[in-house]
1. Using the 2.2 N^0.38 Å rule of thumb for compact globular proteins, work out how the stretch 226-364 stacks up: its C-alpha Rg over that value, please.
2. What full-extension length gain, to one decimal in nm, is calculated for residue 296 and residue 182 as 0.36 nm per residue of separation minus the Cα-Cα distance?
3. For residue 162, which lysines qualify as cross-link partners when the Cα separation must be under 21 Å and same-chain residues fewer than eight apart are set aside?
4. Using the Kirkwood formula over every pair of different C-alpha atoms, what hydrodynamic radius in Å results for the stretch 259-316?
5. Using the Cα gyration tensor of the stretch 302-359, with a ≥ b ≥ c the square roots of its eigenvalues, what is the shape: rounded (a/c below 1.5), prolate (a/b larger than b/c) or oblate (neither)?
6. Quick one: what does P(r) look like for the stretch 209-268 with 10 Å bins over all Cα pairs, in whole %?
7. Would you kindly give the portion of the calculated P(r) for the chain that falls above 36 Å, as a percent of all Cα pairs?
8. Can you give me the pair-distance distribution of the stretch 62-108, C-alpha pairs, 5 Å bins, whole percents?
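Any read-out appearing in this document is the output of simple, stated calculations on the displayed coordinates, not a laboratory observation. Since the structure is predicted, the reported quantities are computational estimates derived from the model, not experimental observations. Because the Cβ atoms are built from the backbone with ideal geometry, glycine has one as well, and the counts that use them run over all protein chains shown.
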Amino acid sequence: MTTTERTIVVHQHEPYNAEPTRTALAENIVTPVGVFYGRNHGTMPDIDPQEWRLRVDGLVDRPLELSLADLKNRFAHREVIATLQCAGNRRAGLMAVRDIPGQHPWGPGATSTARWGGVSLADVLAAAGLRADATDIAFAAPDVAPEASPPQTYGASITVAKATAGETMLVWEMNGEPLPVAHGGPVRVVVPGHIGARSVKWVERITAQDRPSDNFFQTSAYRLLPADTDLSRTRVGDGFPLTAVALNSDILRPDDHAVLPTGPTTVAGYAFAGDDRGIARVDVSIDGGRSWRQAELEAEISPWAWRFWHTSIDLPAGAVTITARAWDTTAALQPEHPESVWNPKGYINNAWPTITVIACDAVS
Ligand code: MTE
């Protein structure tokens, strides 16, 4: 692992896997493109936007082949501010409980928020004449994932209900700029509220079908397995597929292990819950959860984006552990301990986040 300019932590150069530090993530509620995390299972393809074509086929009355110009000219331009969160976000906290071999130790930064511009997938599926017997919409990309068994191109699927809800998009803009190759340019899928794995980059084929995708990343990876699973004996279809992002939060400021003066200090972070759930409240504790103070939620910038929050705490001298916990609008609360959510692939660590800081009296 290397850290560049203390902004990005690179877990792997090829394929490229990197996340912003807590401090970098905390700076902007809409993450700058250069700070946004990158999660890749294979080598990024190099696609000429002029040559790029999207095939829409399967259970549709009018199969389509669309260029980027067709997408721009035939469909209404839309924007959505949405948070992407990788299912492996905060995996390091699970690895501290028990090792998870072969997986990246993602910290707090496998999540970021952008303003995505493009067209609604619902509009494209309507133009193709989506048939009533379709239940799932599968996405296919050209990048080959060597870790898949057998090695195969990346793919995923979502339900027709999610694909035709207006928020699911085909995008070619990120924060008003052309979508960079690293984030799926020329065109990617963005599925707001679902785990990042379903937002397929470099999408080149969309297939309406009567079952989920049979791609490795739908049938074998990104599924939640019981804690006692023997990974050498798992079969295709074991566990359940991850869809909506589970209620989660993290502390982004101060940094973990920061040395600070005693007295008042600001604690800040994000909270996020996928699909139709919102954030109702965030609490902060400095006594291991015996007492809590309610944090202030910052304004909602989009129903599909994280909420930033902050509060002020009074730091006593010594090592202080700061804990946060979020509640969603269904009154669900994050689970307390990472031990209770540990799973053999290290997905969805949404246990209460904690950081430890050292507070010292100022020396005059
Ligand atoms: N799409 C393709 N084609 N290949 C990939 O490896 N990774 C997925 C998803 N889409 C992936 C992909 C995963 S696991 C995540 S979390 C998000 O892309 C990350 O998007 P980002 O790199 O723009 O942050």
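1. Details: Rg = 17.5 Å, N = 139, 2.2 N^0.38 = 14.3 Å.
The stretch 226-364 yields a ratio of 1.22.
2. Values: separation 114, 0.36 × 114 = 41.04 nm, distance 3.44 nm.
Using 0.36 nm per residue and subtracting the Cα-Cα distance, I get 37.6 nm.
3. Partners found: 201.
4. On the way: mean 1/r = 0.0791 Å⁻¹.
Result for the stretch 259-316, one decimal place: 12.6 Å.
5. On the way: a/c = 2.40, a/b = 1.31, b/c = 1.84.
Taking the square roots of the gyration eigenvalues as a ≥ b ≥ c, the stretch 302-359 is oblate.
6. Here the calculated profile for the stretch 209-268 is 16, 30, 17, 18, 15, 4, 0.
7. On the way: 14511 of 66066 pairs.
Percentage above 36 Å: 22.
8. 5, 16, 15, 10, 8, 8, 8, 12, 11, 7, 1
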